[in-house]
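Some notes on the structure that comes next.
The values are calculated or read from the model by the stated rules, or taken from the named source; none is laboratory data. This is a predicted model, so every value here is computed, not measured. Cβ sites come from the backbone with ideal geometry, for glycine too, and all protein chains shown count toward neighbours.
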Amino acid sequence: MRFFESNDELYVDPRAYLQHLDLPEPATLRIYDTTLRDGEQTPGVALTPKQKLEIARLVSRLGIHIIDVGFPAVTPSERETLRLILEAQRDGEIRRDLEILIMCRADASDIDAGLRVLHELDAPLDQVTFLIFTSASNLHVKYKLGEMLLRRAGRAPAELQEVPLEWFCQENQQMLGKAIGYARSRGVRNIEFGAEDSSRTPIAQLIALVQTAVDNGADRFIFADTTGSLTPESTAFYCDHLRRAFPTLPLVSHFHNDYDLATINTITACLHGMTIFSVTLNGIGERAGNAALHSVVTALSLRYGLTIPGFRYDLLCEASSVVERLTGVPVQINEPVIGSNAFTHESGIHVHGVLHDPSTYESIPAEFVGAERRLVFGKHSGLTGVRHVLLKMEPALAEEGIVVDDQLALAVLDRVKLIRNCRAESGEAAQIISEHKRNMRSLSLSEADVIEVARSLAGSTRHACTATAVASVPIAR
């Protein structure tokens, strides 16, 4: 619809309140995708190397800058994934400027595993970034890494309780420095340091850990909100202190979504100097997931005016569908930007407004993210929407001898509402939810399934490891 007034006369744009912010240049923002690593850690998700390659190609098409392909030290499958992606990049199927990153614990054996894969592929060491990580918070350092640190120092794990926190922090710091120094000595060119549970670590302690990493050769730091505990205020606190301590060091945010704050925390980090941000496609990840690519980039562009050069916003919905298909994890219908209801309208008042102009009820243009607007009909529908659909199909209906008029539109509206009310009374919704939950449970193995596997292995098939033997294991549901 053509407006006779300017947009400024018709509504207040919330972007008018950003004038006091020191916004970064859009070209300085870099997107760091961890769908293949953190995303695959979603309970019930398992991707094959070929499926991961498909997602890597998608990440490349989207215009993302960095892709985390996981732990080559962990399984042959992860090493095969790295091989396929490096070969695809060499063959031009994946952009040459897409930075490929692998994860390693602060341990020489992990680093050697990554180096072996690169050597086998005859890949130059500067083609891959090594993310070398350890824990940061006292909780993690003492009670997750503690026994390992004691053994490394030749002490007994039984000493865990009596040894003070300071000792574990010092040992952790030394272990990190040695690991990064070792990687440098083996010719690794690009090293990122990651600290688990950064967001629950005293800031002075975190800065000291990062300084150790930098002193030994790390050239980037990824700050992890491992438990999704941050608020925008605490995010700003950590970002400001880290930026002052390391004015030129590239800083990466890695935020989880336990309080549904990952999007705003990521945006806050971008506005406070962490201009590289980690996300996953569809926001998949452990527990409540990770910061979601679609939410972060769309909000940055349309609410903050930070449109990232070269990024394909119009592929967001297509990318979402691919990840749904490969993981088996559906996007919730009211998910922002990519959910099936994000551009779907039923309410008569909303449909009336949207048919006049979408901006009446939509602040995100559907075409911007590659979505399609649609109308559905039910209990809250109005005459305008029904009439719109009938008039759109009027030529076809006329060939069937059906006259489109207000009398027909009213009759159709009444019948539509009746059908929807009957479906509500039938309990159909409860059946749909029950089936959905069963399907989701089938993606992973439960505790009962583990017991069934144990019983099977204790029988005659104990040493069998064929596909047939695995398929024959009874699964409890």
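Brief remarks on what is shown
- Summed over segment 380-411, residues that are of a type in the set (S, T, N, Q) and surrounded by 10 or more Cβ atoms within 10 Å (Cβ to Cβ) total 2.
- When the residues of segment 412-463 are filtered to those that are acidic (Asp, Glu) and surrounded by 13 or more Cβ atoms within 10 Å (Cβ to Cβ), the one that is nearest to Lys379 (Cα to Cα) is Asp449.
- Cβ-Cβ under 7 Å pairs, at least 6 apart or on other chains, segment 293-313 side free of Cβ contacts under 8 Å to residues at least 12 places away in the same chain and on the phi > 0 side of the Ramachandran plot, far side in a helix (DSSP H, G or I) and surrounded by 20 or more Cβ atoms within 10 Å (Cβ to Cβ): none
- Residue that is farthest from Val369 (Cα to Cα) [pool: residues in segment 52-95 that are touching a residue at least 12 places away in the same chain (Cβ under 8 Å) and of a type in the set (Ser, Thr, Tyr)]: Ser77
- Looking only at segment 217-231, and only at residues there that are assigned to a loop (DSSP other than H, G, I, E, B) and of a type in the set (Gly, Ala, Ser), the one that is surrounded by the fewest Cβ atoms within 10 Å (Cβ to Cβ): Ser229
- Test: residue in segment 119-127 that is touching a Lys or Arg at 6+ places or on another chain (Cβ under 7 Å), not in a helix (DSSP H, G or I) and not charged (D, E, K, R): yes
- Residue match in segment 35-51 (condition: acidic (Asp, Glu), surrounded by fewer than 20 Cβ atoms within 10 Å (Cβ to Cβ) and touching a residue at least 40 places away in the same chain (Cβ under 8 Å)): no
- In segment 1-34, residue farthest from Ile66 (Cα to Cα) [restricted to those that are of a type in the set (Ser, Thr, Tyr) and surrounded by 10 or more Cβ atoms within 10 Å (Cβ to Cβ)]: Tyr11
- Subset of segment 244-282 (residues that are over 22 Å from Ile308 (Cα atoms) and assigned to a helix (DSSP H, G or I)): Arg244, Ala245
- Hits in segment 147-189 - residues which are touching a Pro at 6+ places or on another chain (Cβ under 8 Å) and either outside the structural domain of Ser109 (by TED's automatic domain parsing) or surrounded by 14 or more Cβ atoms within 10 Å (Cβ to Cβ) (or both): Glu147, Leu150
- 3 or more residues out of contact with any His (no Cβ under 6 Å at 6 or more places or on another chain): qualifying strands (runs of 3 or more DSSP E) within segment 1-107: 66-68, 99-105
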